[in-house]
Amino acid sequence: SDKRKLQSTAPTDTPGAKASYSKVLDKGKSLFLAGRVYDLESIAKKFNVKQADYCWPVLLSTKPGAQALALCPDHTNHGGIKSSFHKCPPQFNRATVSAAPYAKPATAAQCKEAGWGSDKRVKP
């Protein structure tokens, strides 16, 4: 369809372009990100930081550098890749927090809540 053509030709690594890949769940306690759910409360506690001080979709992204900004849900206020929102907390290790007990595959209900189809792809 024409809508899919427009989506496929849109720049995908511009700030905020993929913000819909993530959604805060459980009243801010966790984050759905591309088919996984991260326990933000536990992650913030592990690194002794305030959860609100960081842009977790960017920090948890597998994309390198500025490409991760595509996941930022508030890039206008958060700023660029060098802003404090996008700098990792001291001792932060994405690989550690991408596994249990900090992260797990999203359930069908969580995918639905986040607006993802059952095949875990973003709906057009």
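Read-outs throughout are calculated quantities, based only on the coordinates presented, and are distinct from any laboratory measurement. The structure displayed is predicted, hence computed values, not measured ones. All Cβ positions, glycine included, derive from the backbone under ideal geometry; neighbour counts span all protein chains shown.
A few remarks follow.
- Over segment 29-124, the hull volume per residue, using the convex hull of the C-alpha atoms, is 106 Å³.
- Positive contributions from Lys and Arg (+1) and negative ones from Asp and Glu (-1), summed over other residues with Cβ under 12 Å from the Cβ of Leu60, come out at +2.
- Pairwise FRET efficiency - Lys29 versus Thr76, Cβ, R0 = 41 Å, nearest 0.05: 0.95
- Relative packing of peptides 70-82, 87-99 - highest average C-beta neighbours within 10 Å first: 70-82, 87-99
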